[in-house]
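Report on the following structure.
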Amino acid sequence: MAANNNSASEWPTGFMVIQGNHLEDLRHVMVDWIERYPLQPLENEQILVQSNGIAQWLKLALAEPASDGADVRGFGIAAAVQVDLPGRFIWQAYRSLIPELPTSSPFDKAALTWRIYRLLSTSDLLEQPVFEPLQSFLAESGDNVADQQKRCYRLSAVLSDLFDQYQVYRADWLNLWLTGRDSLLNQQGVEVPLSAEQLWQPALWRLVSADIQTQQTNQDTTLNHSRSETHQQFLTYAQHCTWDNRPEELPRRVIVFGVSSLPQQTLEVLKGISHLSQVLLFVNNPSELYWGDIIEGRELLRQEYKRHQRTKGSVTGFNEAELHQYGHPLLASWGKQGRDYLHLLDEQDEKEQYQSFFDGRIDLFSPCVSPDRSHLLAQLQEDILQLRSLKERQGLQCEIAPESDQSIRFSIVHSPQREVEVLQDQLLAEFEQAARKGQKLDPRDILVMMPDINLYAPHIDAVFGRHAYSDPRFLPYHISDQGQRHRNSLLIAFEKLLKIEHSRFTVSELLDFIEVPAVLNRMGLSPDALPRIQHWVQGAQIRWGLKAEQKLDFGLPEQQDQNTWRFGLKRMLLGFATGQHIDHWQEIQPYAEVGGLEASLVGALVQLIDQLEYWWQLQKTSHNATQWAEHLHQLLDRFFLASHDTDQWALEQIEKGLERIQQFSQDANSQNQALPLSIVADNLLEQIDQPTLTQKFLGGSINFATLMPMRAVPFKQVWLLGMNDGDYPRSNRPADFDLMADHYRPGDRSRRDDDRYLLLEALLSARDKLVISWVGRNIKDNSSMPPSVLVGQLRDHLAAGWHLKSGTDGHSQNSSHNRNHNHNQERADFLAAITTEYPMQPFSPEYFKPTRDARLFTYGAEWRAVHDRADQAEQQRPLSVWYPESAVNIKQLSDFLRSPVDAFFNQRLQIYPPEEIQLAAETETYAFDGLGNWALKDQLIRQSFQMGLTEDDFAIQIDQFIAQKQREGVLIAGALGQHQAKQQFQKMPELYQKWHNLRMQYLNSVDNLAPLHLAVQAVSNNETKLWQFEALPSELYQTSQGDYGQICLSSSSLRKNRAPQWRNYVLPWLKHLVASVSYPSVTTHLLSPAGEAVFAPLSAEVAEAELRQLLQLWWLGMQQPIPLALNTGLAYLYQQGLQPEGCALDRADTDAKLADYFVKAFDKDLLYSAYLSREFADFNSLCQCRLLRQGGALGLAELSEQAYGKLYAQEAKA
């Protein structure tokens, strides 16, 4: 029955502390209390928590159906619930009793940062001798004004954070400093003078306080009070406030749930309002006995702990100095933060005042071990609850059977990626096992935590996100605690604009920026336009830089406009305007590919570059916070247009951040101070990335989260990843001038102590299973790497307190004898039994060996397929007979002869080789690779080889070509580009002369060449079909006597070190055959920068027969991969004794030399083939393969003769 709560007598108030070792029990009491004492309609329930995890856990509990007998009983709905962080609530409480307080204090950390920055950067403060340490620090930034401003702001941020900590934890120091005393109070209350090098701290605090005093224009001094002064004033007001005159803004009930640490100041506020409100603190206490004496620093506690008994009731006579020896070692090592908090609570606790409201049940401790829960994890939790020492645990002689008890497990892997892959396999096994046993296990029952979620998020998405919903391996998951700043595409693009000062504006940077949906939307473009823009950008030779002036920021000389965005856009616009009708205009080489309706894309690109240039110029100047806010509003409008809800959310967050920055600057009286963009940007990005309690957690998915305070609410399974040595506990080195570091007090926050207590919370929150993994093997040399020191302590404790059950595999039957004689080996066996080392790769053969460790398994069926591929290959059915649907061309035939196996995959199966990632060039071309050299020479040949040029004329042609390529941005401008090109073109005059001499013999071009059509007959399984081959003769000329000649120019060399480069012979050879079929007595001349060759005339019959044989071989190679490779086949012909004259290789005269020769040739084929090694692992497998045909078996010898015999013979004759 709900109580009437209209009067103070019917509404029990007080500072009520309810402790327990299970959060579920505390939650149940909270729900009962809310039901017993309901608030009025439209009155919010005020709950203070430390993380969004505990907040959503409580909301879900309140929303549970109101059914009796359920594990969780709620109200069917969670509404009118205000969940806040304790720090935010405290200021609201101050304002409820002191209404004249502003919405934010001028002593808040953000406002302090701006105020300190103004004082350090605009006043003569640093000229005072006391501030010499600060002056020395700032002087290290050098003479660069921008660097000085950034360094000053970062120092201001550190100092504001330090003073913020002092206001919360050392208010007595600040009060001393304001009275002019340069000293501090230690824990014993003794005043200690500060050292000379720290005297600047009280001086700066006095200066900051005086600056705030002078800023306020009204007469209310309350507005000028520091937080500590406001705190004392609040406590005075609260003491004189009664139920009848209590402010309506103060909640009638404040619930603090699951918070593991609160400052003394916060507890004093809660205590101060406890006679006006119900203040209920639900505290998780790992032990029902007092355990403060087992931890270092107990002498700093100001009074005896009075709530729980100090020792076990059955044991007496302890010497207090030796009491730490009788506690739990993990609690002693990890529990310092919790010990201090519980002691601070105990100082405020008066349980006699409220115990009766709970029927005396304010200590809700329940056993962890029960008949249905007696595994290793429960025993460990029970030991902590009972404060059982290691000696007591050893006396119990507990045995563990690892095969049945898997409640605590450790995993050792080689990398974070493997941690997540192993996790997925293990979770799939957990769900399968639960289903097999008929047990309920949902994805939401599993929590996976790690020290840094941002490090693991890509691996989690890569592993858990690759399976579709229809895949049996699909597991729903959610990643919490990721700041949207590094995930939301609009915020990422916005940050790039804020940091434009450091941008080189490379092609990849700007194309990535354009791909952002909100940017595309503002440009009026669709994603389909991106490939065309990228093609134009690369074709116009844009590399980096907005324009020449922007490159000056990187120390380059003036007039370096080449390869900039402005350079490329000029080429595009001129190309659109003139097409190919002019060569160049005002040293701008037109890029003629821009045209048609797509030309509008260039207009959008020009507008974007214009806006970037304007913003780049603007960011060089300084403005005050209000002006920067206006400029950034304009920036948002010019670059972004929301395309979906997440974009709109991001824009709203930026707007809110700008409003807060303006408010901070006003609070700090810095609204007129000129600031560089870098300072505003840092502050704005920090505002955007602030964590909130509204982030999703505890949905219906597996929860991935960062190890945070009270994040480890009860879960059936808790998995901890990344528990590496050095990564956990996380280190947060305090500033050298942090006075709190050398004067510890109970309740002080320490990142390392926090992390120790977090691990304790995680251990206690797991109900069925706790798994801890770390990168325990070096991925390079497989050397051992230790886990976190905390994990090492846990493992040592388990090995010392428990032992394997007698008869366990790997453990002697006579375990008693082993325990007496081989403790170290027993401990090693125990740890080995609960620890699994996983292979470095998910496809390791170790997973599939019949004799493998049963703990090694994978659900990746694709990895099994990898190891079974050889067997499967034998079982594969042959492909059906295939015929080309259209006429085969000369390029298809040429590609086949160059690489027969690749041609099968490309032309028959339409499987193309995985192209290497072609990253857009982001620097000027200082050196050409092989492909670049070939392309440049090929363009010169096609453009400059003209009849009738003298040596000087051709030199002019080369100079004009070089100038054109410099205008295009292909070659570097100036003498360096000219030198670079002329080195590449050294042999071009000689090549031109040879070509010109041949053309003088073949003066007449043969025009109107008729295409060659051949009908090829293919026979298979007594079935005959015809298919077509088509080719057009080219580069054909006639002498005055009527003799035909074909001249094939190649920018690739025909010979290298005198050895033929057979790939460059294949296409000319096919052209020679095609021309010989159609025209009589054709002589083909091959010219290249290095080497030349001549193919002698062939009769039409011989040429056609050879061509048909090659086409038949092509068709055979389309039915299946054939054992043939270009260089290997020609090496066989060479070995047969048909060595062409001038070949650098001597004929092999021994088997060893011969084998080596063939292997080298095969290796060369591998360099040019993507699929050869897939079908033929080495030269021997290629030689041993035979194709069974009607005419007999075909192997490398027969196929080489058919494919390359005539070509080899022609070269041999030459």
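The values are calculated or read from the model by the stated rules, or taken from the named source; none is laboratory data. In this text, all values refer to a predicted model and were calculated from it rather than measured experimentally. Positions of Cβ are backbone-derived with ideal geometry, glycine not excepted, and every protein chain shown enters the neighbour counts.
Can you tell me which residues in region 476-499 are assigned to a loop (DSSP other than H, G, I, E, B) and either in contact with a Lys or Arg (Cβ under 6 Å, 6 or more places away or on another chain) or buried (at least 19 other Cβ atoms within 10 Å of the Cβ) (or both)?
Applying the first criterion (assigned to a loop (DSSP other than H, G, I, E, B)) to region 476-499 yields 476, 480-483, 487-488, 499.
If the condition is that a residue be assigned to a loop (DSSP other than H, G, I, E, B) and either in contact with a Lys or Arg (Cβ under 6 Å, 6 or more places away or on another chain) or buried (at least 19 other Cβ atoms within 10 Å of the Cβ) (or both), then Ser480, Asp481, Asn488 are the ones that fit.
For the structure I just gave you, tell me whether Lys336 is under 29 Å from Thr242 (Cα atoms), of a type in the set (Lys, Arg) and modelled with pLDDT of 80 or more.
Values: under 29 Å from Thr242 (Cα atoms): no; of a type in the set (Lys, Arg): yes; modelled with pLDDT of 80 or more: yes.
So Lys336 does not fit the description; no.
Would you say Leu658 is over 18 Å from Tyr117 (Cα atoms), in a helix (DSSP H, G or I) and in contact (Cβ under 8 Å) with a residue 40 or more places away in the chain?
Working: over 18 Å from Tyr117 (Cα atoms): yes; in a helix (DSSP H, G or I): yes; in contact (Cβ under 8 Å) with a residue 40 or more places away in the chain: no.
So Leu658 does not fit the description; no.
Of the residues Leu475, Leu511, Leu491, which single one is among the aliphatic types (A, V, I, L, M) and in contact with a strand residue (DSSP E or B) (Cβ under 8 Å, 6 or more places away or on another chain)? It would help to see each step written out before you state the result.
Numbers: Leu511 fails: in contact with a strand residue (DSSP E or B) (Cβ under 8 Å, 6 or more places away or on another chain); Leu491 fails: in contact with a strand residue (DSSP E or B) (Cβ under 8 Å, 6 or more places away or on another chain).
Just a single option satisfies the conditions, and that option is Leu475.
Return yes or no: is Ile609 among the β-branched types (Val, Ile, Thr) and surrounded by fewer than 15 Cβ atoms within 10 Å (Cβ to Cβ)?
Working: among the β-branched types (Val, Ile, Thr): yes; surrounded by fewer than 15 Cβ atoms within 10 Å (Cβ to Cβ): no.
When the stated conditions are applied, Ile609 does not pass them.
Quickly run through region 561-582 and pick out the residues that are in contact (Cβ under 8 Å) with a residue 40 or more places away in the chain and among the small types (Gly, Ala, Ser).
Across region 561-582, the qualifying residue is only Gly568.
Residues to consider are Ser1053, Ser1076, Ser1040; find the one that is among the hydroxyl-bearing types (Ser, Thr, Tyr) and in contact with a strand residue (DSSP E or B) (Cβ under 6 Å, 6 or more places away or on another chain). So that I can check it myself, show each step before the final result.
Working: Ser1053 fails: in contact with a strand residue (DSSP E or B) (Cβ under 6 Å, 6 or more places away or on another chain); Ser1040 fails: in contact with a strand residue (DSSP E or B) (Cβ under 6 Å, 6 or more places away or on another chain).
Answer to the check: Ser1076.
Of all the residues that make up region 346-389, how many are part of a helix (DSSP H, G or I), among the polar types (S, T, N, Q) and farther than 17 Å from Asn284 by Cβ? Give the derivation first.
So the first thing to find is which residues in region 346-389 are part of a helix (DSSP H, G or I), and the list is 346-348, 351-353, 355-358, 376-385.
Cutting the leftovers down to among the polar types (S, T, N, Q) gives us 348, 353, 355-356, 379, 381.
Now drop any that are not farther than 17 Å from Asn284 by Cβ, which leaves 348, 353, 355-356, 379.
The qualifying residues number 5.
Output the number of the condition that Gln611 fails; it satisfies all remaining conditions of (1) modelled with pLDDT under 95; (2) under 30 Å from Gln687 (Cβ atoms).
The failed condition is (1).
When you look at Ile90, is it under 15 Å from Val31 (Cβ atoms), surrounded by 18 or more Cβ atoms within 10 Å (Cβ to Cβ), hydrophobic (A, V, I, L, M, F, W, C) and under 39 Å from the mean Cα position of the chain (by Cα), yes or no?
no
Pick out the one residue from Ser374, Ser404, Ser356 that is without any contact (Cβ under 8 Å) to a residue 40 or more places away in the chain and under 30 Å from Thr13 (Cβ atoms).
From the options Ser374, Ser404, Ser356, the qualifying one is Ser356.
Checking the structure you have, find out if any residue of region 500-509 is surrounded by fewer than 20 Cβ atoms within 10 Å (Cβ to Cβ) and under 18 Å from Gly603 (Cβ atoms).
no
Name the pairs whose Cβ atoms lie under 9 Å apart, with the first residue in region 947-963 and under 10 Å from Ala981 (Cα atoms), the second of a type in the set (Phe, Trp, Tyr) and surrounded by 13 or more Cβ atoms within 10 Å (Cβ to Cβ), and 6 or more positions between them or separate chains?
Listed pairs, sorted by first residue: Ile958/Phe985; Phe961/Phe985; Ile962/Phe985.
Test each condition in (1) part of a loop (DSSP other than H, G, I, E, B); (2) within 53 Å of the chain's Cα centre (by Cα); (3) modelled with pLDDT of 85 or more; (4) not β-branched (Val, Ile, Thr) for Leu949 and report the one that comes out false.
(2)
Exactly one of these conditions fails for Arg436: (1) touching a residue at least 12 places away in the same chain (Cβ under 8 Å); (2) assigned to a helix (DSSP H, G or I); (3) surrounded by fewer than 20 Cβ atoms within 10 Å (Cβ to Cβ). Give me its number.
All conditions are met except number (1).
Could you please give the count of residues in region 171-211 that are more than 19 Å from Ala741 (Cα to Cα) and loosely packed, with under 14 Cβ neighbours inside 10 Å?
Number satisfying all stated conditions: 3.
Anything in region 829-846 that is in contact with a Pro (Cβ under 9 Å, 6 or more places away or on another chain) and either within 15 Å of Leu423 (Cα to Cα) or not in a helix (DSSP H, G or I) (or both)? List them, or say none.
Scanning region 829-846 gives Ile834, Pro839.
State all residues of region 1037-1076 that are closer than 30 Å to Leu1167 by Cα and part of a helix (DSSP H, G or I); if no residue qualifies, say none. Spell out how you get there, then give the answer.
The first filter runs over region 1037-1076 and keeps only residues closer than 30 Å to Leu1167 by Cα, leaving 1047-1074.
Correct list: Arg1063, Asn1064, Tyr1065, Val1066, Leu1067, Pro1068, Trp1069, Leu1070, Lys1071, His1072, Leu1073, Val1074.
Across region 139-157, which residue is farthest from Arg751 (Cα to Cα) among those that are among the hydrophobic types (A, V, I, L, M, F, W, C) and buried (at least 16 other Cβ atoms within 10 Å of the Cβ)? First the steps, then the outcome.
The initial filter retains those residues of region 139-157 that are among the hydrophobic types (A, V, I, L, M, F, W, C), namely 139, 145-146, 152, 155, 157.
Now restrict to residues that are buried (at least 16 other Cβ atoms within 10 Å of the Cβ): 152, 155, 157.
Values: Cys152: 26, Leu155: 21, Ala157: 19 Å.
Among those residues, the one meeting the criterion is Cys152.
Using the structure shown, decide if Leu1098 is at pLDDT below 95, of a type in the set (A, V, I, L, M), buried (at least 22 other Cβ atoms within 10 Å of the Cβ) and part of a loop (DSSP other than H, G, I, E, B).
Values: at pLDDT below 95: yes; of a type in the set (A, V, I, L, M): yes; buried (at least 22 other Cβ atoms within 10 Å of the Cβ): yes; part of a loop (DSSP other than H, G, I, E, B): yes.
Yes, satisfied.
Hey, can you tell me all the residues within region 343-383 that are in contact with a Lys or Arg (Cβ under 8 Å, 6 or more places away or on another chain) and among the aliphatic types (A, V, I, L, M)?
Ile362, Leu377
Test Leu60 against the criterion of being in contact with a Pro (Cβ under 7 Å, 6 or more places away or on another chain) and under 22 Å from Pro714 (Cβ atoms), and give yes or no. Step through it out loud before you land on a result.
On the way: in contact with a Pro (Cβ under 7 Å, 6 or more places away or on another chain): no; under 22 Å from Pro714 (Cβ atoms): yes.
No: the conditions fail for Leu60.
Mind checking which residues of region 74-119 are in a helix (DSSP H, G or I) and free of Cβ contacts under 8 Å to residues at least 60 places away in the same chain? Before the answer, list the steps.
Residues of region 74-119 in a helix (DSSP H, G or I): 86-97, 109-119.
Residues satisfying the conditions are Arg88, Trp91, Lys109.
Restricting attention to region 1195-1214, which residues are under 24 Å from Val881 (Cα atoms) and either at pLDDT below 85 or assigned to a helix (DSSP H, G or I) (or both)? Talk me through it step by step, then tell me what you get.
Initially, region 1195-1214 is screened for residues under 24 Å from Val881 (Cα atoms), giving 1195-1196, 1198-1200, 1202-1203.
Leu1196, Glu1198, Leu1199, Ser1200, Gln1202, Ala1203 - these are the residues of region 1195-1214 that are under 24 Å from Val881 (Cα atoms) and either at pLDDT below 85 or assigned to a helix (DSSP H, G or I) (or both).
So in region 534-582, with the set limited to residues that are under 22 Å from Tyr926 (Cα atoms), surrounded by fewer than 20 Cβ atoms within 10 Å (Cβ to Cβ) and among the small types (Gly, Ala, Ser), which one is modelled with the lowest pLDDT?
Ranking the candidates gives Gly555 first.
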